[in-house]
Amino acid sequence: MKIRIIFTLIVIYFFSLSFTARSQNELEVKELSYKLYAIINPQGGNIAFLVTRKGVVVVDAGSTPQNGRDIVETIRSVTKKPIKYLILTHLHGDHVNGVAGFPDDVTIIAHKDLEANNTKFNKENLENYMENILPEHLANLRKQLDSISDKESEEYLELIETYNSHVDYFENIKRIEFRKPDITFEDYYRFKITDQRIMLEYPGPGHTNDNIVVKFSNHNVIHTGDLVFNGSFPYTIVEHGVDIYNWVRILDDLYKENITTVVPGHGEIGRKIALKDQSDYFKDLSRRIEELKNAGYDLEEIKEKIKHSDFRLKGHENQLAVNIEVIYSELTSKGREWWKF
Ligand SMILES: [Zn+2]
């Protein structure tokens with residue numbers, strides 16, 4: 001039971017990480033457009049990076065210092081130009097905890113609320129995790145190991161592997177740094193590097209209260225952060241300011257723009273349709289919830305009636321119930337007429 005609780009916490013705050021980050025992990029690079037690349041990062045949020053004569057612009061930092069280093073190494077395999085800018089899309093650890101793996105002199109750009117969110121959620125959470133949860137978890141694993149008498153048994157070997165990877169993980173996250181962003185903004189921030197225009201926008205709360213999108217305007221490519229979970233169930237965390245109604249509006253507005261390629265926070269690189277797919281998921285789900293609500297079912301019954309197999313999504317299935325709760329409460333608090341697009 002204890003182990004289960006621990007893993008729930010890991011999933012909430014450090015989700016999408018893997019415990020196998022012992023040595024350098026090869027990450028897959030895709031060229032999206034001329035000198036503009038994406039890194040599919042199974043251990044954290046996806047990365048985009050643009051190579052210019054004057055240096056490299058990177059979006060998001062990965063989930064741990066080691067993951068950040070792996071990302072930097074992967075960029076180095078494409079270019080030796082210095083990494084000039086690091087844009088952080090939102091507060092979640094799987095997008096920002098890799099900052100320590102980046103060069104010290106990189107200019108960090110983020111929404112004005114990211115730093116406060118880091119202090120409010122990430123720092124305290126990490127301290128608790130390192131001082132209490134992980135040591136306790138490791139002590140428990142150690143106890144389990146000691147209780148197995150046959151040190152050659154499969155059970156023992158499996159457990160020792162888990163133990164070692166968790167020790168590695170502990171060492172890894174000890175190096176997390178919460179660097180203060182060098183440039184912050186409220187609504188828009190636009191800059192140019194050589195002839196490349198980079199447009200950062202805060203469209204209001206959606207996935208979090210500090211989520212920004214990054215547009216590579218010369219290429220019609222957008223990095224959406226976690227406003228798009230391409231192909232999996234999205235995380236909706238109330239304490240981080242989730243606003244699903246606004247999230248849908250953000251996606252529908254972006255869909256009207258001249259965008260060809262979407263780098264989602266998680267999942268495969270998509271075409272423009274990925275924006276609509278994410279919006280449609282929330283709209284479908286809200287319609288179902290409303291229908292069931294009108295038919296007299298309460299929240300718990302609705303959560304039972306709507307199954308993850310009803311959707312063509314794979315991954316983070318446990319989030320469906322959370323998605324339902326958030327939409328249900330938004331529908332209830334804002335009224336039925338409100339959910340009209
Ligand atoms: Zn997120």
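The values are calculated or read from the model by the stated rules, or taken from the named source; none is laboratory data. Fair warning: this is a prediction, and the values are worked out from it, not measured in the lab. Cβ coordinates were reconstructed from backbone atoms using ideal geometry, including for glycine residues, and neighbour counts include every protein chain displayed. With ligands, DNA and RNA removed, areas are computed over all heavy atoms of the protein, side chains included. Shrake-Rupley method; radii C 1.70, N 1.55, O 1.52, S 1.80 Å.
For the range 64-71, does any single residue satisfy the condition of being part of a loop (DSSP other than H, G, I, E, B) and within 16 Å of the ligand (Cβ to nearest atom)?
Residues of the range 64-71 part of a loop (DSSP other than H, G, I, E, B): 64.
Filter again for within 16 Å of the ligand (Cβ to nearest atom), leaving 64.
Checking the range 64-71: at least one residue is part of a loop (DSSP other than H, G, I, E, B) and within 16 Å of the ligand (Cβ to nearest atom).
Restricting attention to the range 90-131, and to residues there that are hydroxyl-bearing (Ser, Thr, Tyr) and under 24 Å from TYR202 (Cβ atoms), which single residue is nearest to the ligand (Cβ to nearest atom)?
Once the filter is applied, the top-ranked residue is THR119.
Given (1) within 16 Å of the ligand (Cβ to nearest atom); (2) at pLDDT 95 or above; (3) over 17 Å from ILE176 (Cα atoms), identify the lone condition not met by ALA61.
(3)
List pairs: first in the range 42-59 and aromatic (Phe, Trp, Tyr), second outside any loop (DSSP other than H, G, I, E, B) and open to solvent by 10 Å² or more (accessible area, probe 1.4 Å), Cβ under 7 Å, 6+ apart or cross-chain?
Once the first residue is aromatic (Phe, Trp, Tyr) and sits in the range 42-59, its partners that are outside any loop (DSSP other than H, G, I, E, B) and open to solvent by 10 Å² or more (accessible area, probe 1.4 Å) give PHE49/TYR37.
Can you name the condition, by its number, that GLY267 falls short on among (1) at pLDDT 95 or above; (2) of a type in the set (Gly, Ala, Ser); (3) away from the ligand (no atom under 16 Å from the Cβ); (4) open to solvent by 20 Å² or more (accessible area, probe 1.4 Å)?
(3)
Only residues that are at pLDDT 90 or above and closer than 19 Å to ASN211 by Cβ: list them for the range 115-131, please.
Scanning the range 115-131 gives GLU115, ALA116, ASN117, ASN118, THR119, LYS120, PHE121, ASN122.
Restricting attention to the range 239-263, which residues are within 15 Å of the chain's Cα centre (by Cα) and open to solvent by 10 Å² or more (accessible area, probe 1.4 Å)?
Across the range 239-263, the qualifying residues are GLY241, VAL242.
Taking the range 289-302 on its own, how many of its residues are open to solvent by 50 Å² or more (accessible area, probe 1.4 Å), assigned to a helix (DSSP H, G or I) and modelled with pLDDT of 95 or more?
2
Determine if the range 152-162 includes at least one residue that is open to solvent by 40 Å² or more (accessible area, probe 1.4 Å) and within 29 Å of PHE178 (Cα to Cα).
Yes, the range 152-162 contains a residue that is open to solvent by 40 Å² or more (accessible area, probe 1.4 Å) and within 29 Å of PHE178 (Cα to Cα).
Of these, ILE40, ILE87, ILE75, ILE47, which one is open to solvent by less than 10 Å² (accessible area, probe 1.4 Å) and more than 16 Å from the ligand (Cβ to nearest atom)?
On inspection, the qualifying residue turns out to be ILE75.
Looking at (1) open to solvent by 40 Å² or more (accessible area, probe 1.4 Å); (2) within 18 Å of ILE259 (Cβ to Cβ); (3) in contact (Cβ under 8 Å) with a residue 12 or more places away in the chain, which one does GLU201 not meet, given that it meets all the others?
For GLU201, the exception is condition (1).
For the range 72-102, how many residues meet the condition of being part of a loop (DSSP other than H, G, I, E, B) and closer than 27 Å to PRO234 by Cα? So that I can check it myself, show each step before the final result.
First, pick out the residues of the range 72-102 that are part of a loop (DSSP other than H, G, I, E, B): 77-82, 88-92, 97-98, 102.
Subset that is closer than 27 Å to PRO234 by Cα: 88-92, 97-98.
Number of matching residues: 7.
Sort out for me the helices (runs of 4 or more DSSP H) sitting completely within the range 105-148 that have 2 or more residues that are surrounded by 15 or more Cβ atoms within 10 Å (Cβ to Cβ) and under 21 Å from the mean Cα position of the chain (by Cα).
114-117, 124-128
Taking LYS303, is it under 30 Å from SER33 (Cα atoms) and basic (Lys, Arg)?
No: the conditions fail for LYS303.
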